[in-house]
Amino acid sequence: HHRELQLCSAFHPYCWNQHFKEMGSPPHLPGRFHLTERFIHIVAYVCFQCASPSHRHTAMAERVGKHTNESVTKKASWSTNVSRPSTIKALARSALVSRTIVVQLNGGITGGPEALTQLALAVHDAHGVNLKCLDEPNKFYAAEYPDLYSNLPKCAMSVASLSSTDVVVVPEIVQCGPIGKVQAPHVWLLGANNMGPDECPRLSHNYWLARHAKLRTDTILFPYVTPSIVKHAVQNAGLLPDGSFKDLPDLASQKEQIVLVDNDAGSSFGKVSQQLKNANIKVIVVKGYSRDQLLQLQMKAKVVVDLCMRGTERMPLESILHGAVFFTNTCLTGTDKDDYPVSESHRTVNVEGILKAIHNYAEEVMDLGQVKLRRLYGFERNRESMARDVERWASSLLPAPLPLPA
């Protein structure tokens, strides 16, 4: 990693410009590197990560060509067309595609298995990596993620086929241990379990888990709300990309005095639940509903509650997008203001606050924190953003070893 950082600073066009301005000469290359074909692959890899826009590739290549062309030609037959961005990208991809990411899929239809399905699709979409799959997702998701399902025959592989250089990603329900030739798979934390420390690297799905497990932010792979559910919110609740609603009075007219409660909220909500019922508020614990039934409830509910969330829970997010005012507490993921940028009044669960949200719905649902939540989970986190997450994480991995020229 240290050498890659040296290369990054040496070859990033901005650093070149600064060095010319301050020193009047090109920066010195790391002394232990020689201009071999292997070196050129590494340079291309780093340039691809540090300077992706084509004009930066061109500027970098021209400067590298002027400074090193003679010696490179002698050792690696670098032709003049290396200054073209497409050539740099091709070299970069030749280094990157040697790394295969294998996703352990799951046949369930809950949030975790869907997140794994989204991760496989993100790897499929990401530049510079190859996707392989262990097992298959549930066919329930075939219509939701057709691009992945059409690719399943190609990405399917067996444990026996794994290479020692493959990067295997498993959910946190899988304990750290060798999988085939892969000694230490990456454990993706979809909940607050199995955080280590042990030999297996960890990935996170949100900020709170990353901070709790002391992980870098480039190891966070954010899942997103099911696209068809976002579409339902847009079409039926009038959700807009800025987090507001197309016709708030119309949405408010569809709402009833209903509070949805996630089924794992625990007994800590029992007292407040009874107080709400005493005030003639309908409290519904969400469990055992079909997707269509739940969408109907979410269109009617004015409030949704979840407590001590061990991760980024899907049911509350889906309800938020359909115009429910979200309440949580300062416990586990609920403490993180990046994952849940709600106002402090909505980070405290009591009967007074919930009744205020019900009786002053139009005002409470447009609270700045609620708007931020809808914008974040309805539009900013999506299929494309997750592919970029994968690229960012993959760029932090050293490229798989390339064969040296004879």
> Taking square-rooted eigenvalues a ≥ b ≥ c of the alpha carbon gyration tensor, is the range 172-318 rounded, prolate or oblate, where a/c under 1.5 means rounded and, failing that, a/b exceeding b/c means prolate?
Replying inline: prolate
> Hey, what's the Cα Rg ratio for the range 241-380 versus the globular rule of thumb, 2.2 N^0.38 Å?
Replying inline: 0.94
>> Which trypsin sites (Lys or Arg not before Pro) in the range 295-398 sit in a loop by DSSP (not H, G, I, E or B) and have at most 15 other Cβ atoms within 10 Å of their own Cβ?
In response: Lys337
> Relative to the Cα centre, what is the charge dipole magnitude of the range 104-249, using +1 at the beta carbon of each Lys and Arg, -1 at the beta carbon of each Asp and Glu, and rounding to the nearest 20 debye?
Replying inline: 140 debye
>> Which three extents, in angstrom, do the Cα atoms of the range 140-187 have along their principal axes, listed largest first?
In response: 35, 23, 13
> What residue among Cys176, Ser244, Pro146 has its Cα farthest toward the positive end of the dipole of the range 128-248, where the charges are +1 on Lys, Arg and -1 on Asp, Glu, each on the Cβ?
Replying inline: Cys176
> So how far apart, in nm, are the two label points at His359 and Gln293 if each is 7 Å from Cα heading toward Cβ?
Replying inline: 3.3 nm
>> Can you bin every Cα-Cα distance in the range 239-318 into 5 Å intervals starting at zero and give me the percent of pairs per bin, rounded to whole numbers?
In response: 3, 13, 23, 23, 20, 13, 5, 1
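If you put +1 on each Lys and Arg Cβ and -1 on each Asp and Glu Cβ, how big is the dipole of the range 281-404 around its Cα centre, in Debye rounded to 20? Write out the running numbers ahead of the final one.
Details: 17 positive and 16 negative charges, 60 e Å.
For this selection, approximately 280 debye.
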>> I need the shape label for the range 299-406. Rule: rounded when a/c is under 1.5, else prolate if a/b > b/c, else oblate, with a, b, c from the alpha carbon gyration tensor.
In response: prolate
>> If I model a spin label as a point 7 Å beyond the Cα along the Cα-Cβ vector, how far apart are those points for Met157 and Gln235 in nm?
In response: 3.8 nm
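Asn263 to Thr217: extension gain in nm, 0.36 nm per residue of separation minus the Cα-Cα distance?
13.6 nm
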>> What does DSSP give for the range 137-224 in terms of the percent of beta bridges that are antiparallel, rounded to the nearest 5?
In response: 10 percent
> Ordering Phe140, Phe327 from largest to smallest accessible area (1.4 angstrom probe), what's the sequence?
Replying inline: Phe140, Phe327
> Points 7 angstrom from Cα along the Cβ direction at Val285 and His127: gap in nanometres?
Replying inline: 5.0 nm
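The values are calculated or read from the model by the stated rules, or taken from the named source; none is laboratory data. Values in this document were obtained by computation on a predicted structure and should not be read as measured data. Cβ coordinates were reconstructed from backbone atoms using ideal geometry, including for glycine residues, and neighbour counts include every protein chain displayed. In case anyone asks, the SASA skips ligands and DNA or RNA and just uses the protein heavy atoms, side chains included. Shrake-Rupley method; radii C 1.70, N 1.55, O 1.52, S 1.80 Å.
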